1. Could you list, in sequence order, all residues of the range 110-130 that are part of a loop (DSSP other than H, G, I, E, B) and among the aliphatic types (A, V, I, L, M)?
2. Would you mind stating whether Glu76 is of a type in the set (Asp, Glu) and touching a His at 6+ places or on another chain (Cβ under 8 Å)?
3. Would the range 132-144 turn up any residue that is within 30 Å of Lys30 (Cβ to Cβ) and in contact with a strand residue (DSSP E or B) (Cβ under 7 Å, 6 or more places away or on another chain)?
4. Can you pull out every residue in the range 143-165 that is part of a helix (DSSP H, G or I), surrounded by 23 or more Cβ atoms within 10 Å (Cβ to Cβ) and not hydrophobic (A, V, I, L, M, F, W, C)?
5. With the checklist (1) at pLDDT below 95; (2) on the phi > 0 side of the Ramachandran plot in hand, flag the one item Gln151 doesn't pass.
6. Could you tell me which of the residues Ile171, Ile199 is β-branched (Val, Ile, Thr), within 18 Å of Val241 (Cβ to Cβ) and touching a residue at least 24 places away in the same chain (Cβ under 8 Å)?
7. Considering only the range 68-106, how many residues are in contact with a Lys or Arg (Cβ under 9 Å, 6 or more places away or on another chain) and exposed (fewer than 15 other Cβ atoms within 10 Å of the Cβ)?
8. Collect the residues in the range 166-190 that are surrounded by fewer than 17 Cβ atoms within 10 Å (Cβ to Cβ) and farther than 22 Å from Ser233 by Cβ, keeping them in residue-number order.
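The values are calculated or read from the model by the stated rules, or taken from the named source; none is laboratory data. These numbers were taken from a predicted model, which means no experiment stands behind them. Using ideal geometry, Cβ is built from the backbone for each residue, glycine included, and neighbour counts are taken over all protein chains shown.
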Amino acid sequence: MFLKKSPILFLFISVVLFLPIFSAKASVAKPVKILIVPGHDNEVWGAQYGNIKEANMTLALATRIFNSLKKDKRFEVHITRDKNGYTKEFADYFINHKEDIVSFKENAKQKTKTEIAIGNFIQKIGVPHNKVTSNTAIKLYGINKWANENQIDAVLHIHFNDYPRKTKWTIGKYTGFAVYMPEGQMANWKESGQLAADIYLQLEKKYSTSNFSAEKGGLVPDQSLIALGANNSLLPSVRSVLVEYGYIYEKKFRNYETRHRAYDDMASLTVKGIKNYFLLTP
C-alpha cells in the first residue's frame, strides 16, 4: 500500500499548514455523525497470523472506539458490525438496496473513466492492494452510499496490516502503523486530510510508523481504496480515513493480554485524534 515516491514529509507538512482551513467547522451545533467500520467480516476475514484473524481484531478495536465516542453526547456514532455480524441497519441496507448500490458503483466508475479520458483526473500508481471480491466491493460502495445519504461527517475504517508470508505462522519483517487518506484529486481529500493527520499525531506518540518503504512517513494518500471514496463515491463533506494499526504478526498482537492492552491504547488515542479534529473538548 503505497504512493508512487510521494514525499510524505512534504505532504504531512502541507496537511498541517492547511490546519486553519480544515478546522473552519469549529463549533458544532448538532452532534458530529461518525461511522465506524471494522474491516472485513466473518466471511472474508482479511489477514491472519496463526489463529488470530484480522476481522476479530478490527471488531475488538472498533467496538472500543464506538463505545468511547458513544459516551460523549456531542457525537452520534454508528458501527457497521457487532459481535453478531452486520448490524440490522446495514444488513438490511445491503439486501434491500443491492441494485441501487450496484448502479451507484458503476456510475461512479464510469464518471471516473470519463474524467481520466478528458484529462481531468490523473491515475497514480499507489500502494498495491489485495483485490476485493465483487460482494465485498458492493458492501464497501454500499457503506459509502449510506454515508452520503445519512450526512455522515466522518467514516473511520479499522484495519491491521499484512505482507505476503510463507505461512500464516510466519512472522513478517515489517512493523508499524499507517494512516491512509484520500489522494489530492478526490472530492473529499481536504476534509479527510486533517482528520488523518490528527489521528496520526496521537498514534505516533506511542507507536512507530510503518517501516515498509511504501508507507514511509505514516500518512499515505490513496485513490484506489473504496473505503476512502474511490471514484469520488463519497461527498466532499464525508471525511474518510483508513488506519492500519500495525502488522498482524507484531509481538504485541501475538499474546491475548498485550493485544487487548494495545486495543485499549489505540482506541483512546484514536478518539483523542477525532476529538482534536472536531475541536471539541477532549
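1. Ile118, Ile122, Ile125, Val127
2. Criteria not met by Glu76.
3. Within the range 132-144, one or more residues are within 30 Å of Lys30 (Cβ to Cβ) and in contact with a strand residue (DSSP E or B) (Cβ under 7 Å, 6 or more places away or on another chain).
4. Matches in the range 143-165: Asn144 only.
5. (1)
6. None of the others qualify; the one that does is Ile199.
7. Final tally of qualifying residues: 3.
8. Lys166, Thr167, Lys168, Trp169, Thr170, Ile171, Lys173
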